[in-house]
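What follows draws every value from the coordinates through simple rules; no lab data is involved. Everything quoted here is computed from the prediction, not taken from an experiment.
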């Protein structure tokens with residue numbers, strides 16, 4: 001198990017709005033003990049940032065590729081960011 005902290009920004013493409021993707025992402029990230037946020041974007045994608053132990057970030061990225069039952073994910077773009085030591089929990093941002 002890795003204890004290195006990672007922070008990522010991800011953009012998820014496909015049928016990811018209107019299928020509980022944000023809420024499911026929040027639940028998954030919270031279960032993994034990650035901090036960050038998730039939101040719907042006007043272009044139909046879902047965007048998020050997450051921070052925590054490297055192995056937990058890896059688990060979230062793997063989950064992002066399938067998401068909740070009714071999602072149809074076609075692509076996940078992930079960019080590594082500098083960790084911010086964010087301890088604020090994981091939240092849905094509503095637009």
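Below are the figures for this structure:
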item: The chain - mean residue ellipticity at 222 nm from DSSP helices (-39,500 (n - 2.57) per run, n ≥ 4, rounded to 500); result: -7500 deg cm²/dmol
item: Mean Cα-pair separation over length for the chain, i.e. relative contact order, pairs under 8 Å, 6 or more apart, %; result: 45
item: Kirkwood estimate for the chain, i.e. one over the average of 1/r between Cα atoms, Å; result: 13.0
item: Degrees separating the helix 21-32 axis from the principal Cα axis of the chain, which is the longest one; result: 20
item: Cα long-axis angle, helix 54-64 against the chain (0 to 90 degrees, to the nearest 10); result: 0
